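The next block holds one structure in the form of structure tokens; read it before the comments.
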Amino acid sequence: MFTDHEFLKSFIRSIAAKCGKHISSAFPIVDATLPEGYRFAGTLEDVASKGSTFTIRKFRERPFTVIELILYKTICPLMAAFFWFMIENKRTLMIIGATGSGKTTLMNALLTFVHPSMKVVTVEEVREITLPIKNWVPFVTRETYAIGEKVGEVSLYDLVKVSLRYRPDYIIVGEVRGAEAYVLFQAMQSGHGGISTMHAETLEGMINRLTNPPMNIPPPLIPTLNFVLHISRVKIDHRISRRVLKVWEIHSIDDNQVLAEWNAFNDTFEMFFKKSLILRKIAQQRGMSFEEAWEEVERRAMLLEYLAQNKIIKYEDIVKWVYSYYNEPESTIRRIRIGTKKIEIPITIPKLTIEEKLGIPPSTRKINIEEIRRKILSKIKVKRK
């Protein structure tokens, strides 16, 4: 609580300066990021009638894992397993909800299921997403340091556009609000996987935002988005919790299928994932029957339920189990049937090139073969008899 208005203004200016920004009577609003990654917003009394104000939004140091969300009943094992299968097959998702509803938390948790062989580009304003794969290119926007100018600014639009040059399997955008949405939908139309979040309270509200300025997504591109998840804060037993209220499968701008819905009366999920046309399409593409594809989803749900029952909530441990399933699904299911609590397999990542192993920077990788050979031999100890 501040009682001295001049001290409050001085404090806001010092925080803004720490963010590399400027706030004054000429520019009385600041929206910036602290060096620790926290979001800072401040206003001076020129625009705030009750006096200068500021807010700092802190993020959890260790993000919630998918198993924690299952334990908190934000999602259920079958729902998580269904989207595990969808993410493996490069389907597209949009998570909608109000501010503070848990959109980024849910997206981050579902990204645990990204296949280790995939190449993923993430684009954010504040670095929140964590991925366990080696082939991950994280981009973060840059705000301008010039007062009242946009010189040197790197926006979400700029980064989403350049991300296409990296030929990613998946493009992940922390939140779409403007022209970057159009580039993302064009990328999804051309075969890239895509996941993002958006502020919207209903499916209709999301579509209205997408098809109007500044996003301007043409209606024929809307079905490029395969699934929409609505997450919200709800009050249960006088406590605030978060639940995925509804899941839709998008067929066209006017046609969709509800795949899951939260029942507020008994705090359970009513699920209709077997009605998914996209699941049937994936089964056909992979040469499977629909029953085999559904059995695959159920087996993954069994694994996630096992991890939840045994309180295996550490991110690294969950990743090991997920990668174990990718590598040896039958063996992994046998492990959970005999009650294995810990798995010791190494996390599988793409092999490093010789240049990367030797620490040779990209600018000098055109190096003489004999020099590479000498460096390799110098690292190998040959035992002589």
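Annotations
- Matching residues in region 246-277 - criterion: being surrounded by fewer than 17 Cβ atoms within 10 Å (Cβ to Cβ) and of a type in the set (Gly, Ala, Ser): SER252, ALA264
- Enumeration of residues in region 93-114 that are touching a Lys or Arg at 6+ places or on another chain (Cβ under 8 Å) and part of a loop (DSSP other than H, G, I, E, B): ALA98, GLY100, SER101, GLY102
To keep it simple, each residue is scored yes or no on (1) of a type in the set (Val, Ile, Thr); (2) under 18 Å from LYS314 (Cβ atoms).
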| site | (1), (2) |
| --- | --- |
| ARG62 | no, yes |
| VAL66 | yes, yes |
| LEU71 | no, yes |
| ASN89 | no, no |
| GLY100 | no, no |
| ASN108 | no, yes |
| VAL120 | yes, no |
| VAL126 | yes, no |
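- The conditions of being closer than 22 Å to ILE87 by Cα, exposed (fewer than 13 other Cβ atoms within 10 Å of the Cβ) and modelled with pLDDT under 95 are not met by PRO362.
- Residue satisfying condition, being assigned to a loop (DSSP other than H, G, I, E, B), aliphatic (A, V, I, L, M), crowded, with 17+ Cβ neighbours inside 10 Å and in the same structural domain as LEU203 (by TED's automatic domain parsing), within set ILE282, ILE312: ILE312
- Applying the set (1) part of a strand (DSSP E or B); (2) touching a Ser or Thr at 6+ places or on another chain (Cβ under 8 Å) to MET188 leaves exactly one unmet item: (1).
- Every residue from region 49-68 that is in contact (Cβ under 8 Å) with a residue 60 or more places away in the chain and of a type in the set (A, V, I, L, M): VAL66, ILE67
- When region 121-147 is limited to residues that are among the aliphatic types (A, V, I, L, M) and in contact (Cβ under 8 Å) with a residue 40 or more places away in the chain, the one that is surrounded by the fewest Cβ atoms within 10 Å (Cβ to Cβ) turns out to be ILE147.
- Residues within region 162-185 that are of a type in the set (Val, Ile, Thr) and outside any helix (DSSP H, G or I), tallied: 4
- When each of MET188, MET215 is tested for being modelled with pLDDT of 95 or more, surrounded by 13 or more Cβ atoms within 10 Å (Cβ to Cβ), over 27 Å from PHE82 (Cα atoms) and out of contact with any Cys (no Cβ under 6 Å at 6 or more places or on another chain), the lone residue that passes is MET215.
- Residue within region 206-218 that is under 29 Å from LEU78 (Cβ atoms), in contact (Cβ under 8 Å) with a residue 40 or more places away in the chain and touching a His at 6+ places or on another chain (Cβ under 9 Å) present: yes
- Of all the residues in region 254-281, those that are closer than 17 Å to TRP84 by Cβ and in contact with a Ser or Thr (Cβ under 9 Å, 6 or more places away or on another chain) number 1.
Per-residue answers, yes or no, for (1) within 22 Å of the chain's Cα centre (by Cα); (2) within 19 Å of ILE172 (Cα to Cα):
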| site | (1), (2) |
| --- | --- |
| HIS192 | yes, yes |
| SER196 | yes, yes |
| GLU201 | yes, no |
| GLU204 | no, no |
| ILE217 | yes, yes |
| ILE236 | no, no |
| ARG239 | no, no |
| ARG242 | yes, no |
| SER252 | no, no |
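- Meets criteria (assigned to a helix (DSSP H, G or I) and touching a residue at least 40 places away in the same chain (Cβ under 8 Å)) for MET118: no
The values are calculated or read from the model by the stated rules, or taken from the named source; none is laboratory data. Quick caveat, the model's predicted, so the values are computed rather than measured. All Cβ positions, even for glycine, are placed from backbone atoms using ideal geometry, and neighbour counts span all protein chains on display.
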